[in-house]
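Have a look at the structure below before the remarks.
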Amino acid sequence: MPRRLSKLAMLTLALAPVTALAKDKLPPDAFSVSMPPPPAPPPANGSIFQGSYVALTSGGRAGQVGDIVTIQLVERTAATKSNAAGTQREGDIGLTPPTTGPLSLFNPSDIAMGGGQAFKGKGDASQSNALSGEVSVTIAAVYPNGTMFVRGEKLLTLNRGDERVQISGIIRAIDISPDNRILSTRVADAKIRYVGKGEIARASQQGWLQRFFSIISPF
């Protein structure tokens with residue numbers, strides 16, 4: 001039995017790093033910066049307005065690959081669920097025996113019955129999340145219908161660990177403000193990740209051995 005326990009512990013130690021790495025399956029360049037393609041040489045056509053001309057009505061609004069857009073994180077979600085149920089049932093039966101004859105030997109209390117049943121249940125669940133801040137991302141692709149795919153991340157190296165905010169999604173040019181800002185609620189297919197690592201993040205997690213026994217525990 002001690003030999004089996006030692007083998008089980010060694011197997012758990014061997015699988016612990018693999019499990020930790022398998023949690024994040026995103027490719028390393030999922031939120032990498034998108035750089036604009038090199039500009040093509042202007043055609044020698046003698047025209048006053050060349051290909052790099054930008055209309056005065058568009059101003060400095062982002063719209064090309066590599067342009068920077070600031071996403072304002074205003075995420076706030078709340079969910080509440082509750083239910084209640086109650087049932088109650090009662091029944092009584094009683095017979096009065098005759099005063100004469102063979103059945104007169106029974107007392108009224110001998111053939112009286114009664115029963116009752118009651119149930120009451122209640123359940124409540126609630127959850128709320130909030131995320132605020134700003135993350136500047138770059139335009140990675142511009143689609144023919146005018147929408148743009150943006151992605152980017154912000155890395156904060158603090159005293160006790162690292163905090164990383166990553167976001168990607170599809171935006172519309174009409175939703176971008178003149179100062180190149182857009183609300184996160186206007187980002188379609190948004191993927192927002194807020195992760196951290198360091199001693200603070202490790203302190204808020206269970207140890208690998210405790211997680212192992214929590215998985216196999218029948219309670």
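Residues in the range 169-190 that are farther than 13 Å from Leu131 by Cβ and in contact with a strand residue (DSSP E or B) (Cβ under 6 Å, 6 or more places away or on another chain): Gly169, Ile170, Ile171, Arg172, Asp175, Ile176, Asn180, Arg181, Ile182, Ala188, Asp189. Figure legend. Inter-residue proximity from the range 191-217: first residues free of Cβ contacts under 8 Å to residues at least 40 places away in the same chain, second residues open to solvent by 100 Å² or more (accessible area, probe 1.4 Å) and of a type in the set (D, E, K, R), beta-carbon distance below 6 Å, spacing 6+ or different chains. Indicated pairs: Glu199/Arg160. Taken together, the residues in the range 131-151 that are over 11 Å from Ser34 (Cβ atoms) and open to solvent by less than 70 Å² (accessible area, probe 1.4 Å) amount to 6. Just give me the residues in the range 112-127 being in contact with a Lys or Arg (Cβ under 8 Å, 6 or more places away or on another chain) and open to solvent by 60 Å² or more (accessible area, probe 1.4 Å), in sequence order. Across the range 112-127, the qualifying residues are Gly116, Gln117, Ala118, Asp124, Ser126. The set of residues in the range 156-186 that are closer than 16 Å to Thr70 by Cα, of a type outside the set (S, T, N, Q) and either assigned to a loop (DSSP other than H, G, I, E, B) or open to solvent by 90 Å² or more (accessible area, probe 1.4 Å) (or both) comprises Arg172, Ile174, Ile176, Pro178, Asp179, Arg186.
Taking the criterion of being under 27 Å from Lys197 (Cα atoms) and either in a loop (DSSP other than H, G, I, E, B) or not acidic (Asp, Glu) (or both), the residues of the range 120-139 that qualify are Gln127, Ser128, Asn129, Ala130, Leu131, Ser132, Gly133, Val135, Ser136, Val137, Thr138. Being at pLDDT below 85, open to solvent by less than 100 Å² (accessible area, probe 1.4 Å), within 30 Å of Leu183 (Cβ to Cβ) and of a type outside the set (D, E, K, R): is that true of Val54 here? For Val54, the condition - at pLDDT below 85, open to solvent by less than 100 Å² (accessible area, probe 1.4 Å), within 30 Å of Leu183 (Cβ to Cβ) and of a type outside the set (D, E, K, R) - is met. Remark: pairs (first residue in the range 145-168, among the aliphatic types (A, V, I, L, M); second residue open to solvent by 20 Å² or more (accessible area, probe 1.4 Å) and part of a strand (DSSP E or B); Cβ separation under 6 Å; 6+ apart in sequence or on different chains) = Met148/Val142; Leu155/Arg164; Leu156/Glu163; Val165/Lys154; Val165/Tyr194; Ile167/Ile192. On the stretch given as the range 188-219, residues that are over 21 Å from Asp162 (Cβ atoms), open to solvent by 60 Å² or more (accessible area, probe 1.4 Å) and assigned to a strand (DSSP E or B) total 1.
Search the range 75-101 for residues being among the β-branched types (Val, Ile, Thr) and more than 30 Å from Val135 (Cα to Cα), and hand back the single one that is modelled with the highest pLDDT. My answer is Thr87.
The values are calculated or read from the model by the stated rules, or taken from the named source; none is laboratory data. This is a predicted model, so every value here is computed, not measured. As a convention, Cβ positions derive from the backbone with ideal geometry for all residues, glycine included, and neighbour counts pool all protein chains shown. Please note that ligands, DNA and RNA were not included when accessible areas were found on the heavy atoms of the full protein model with its side chains. Shrake-Rupley method; radii C 1.70, N 1.55, O 1.52, S 1.80 Å.
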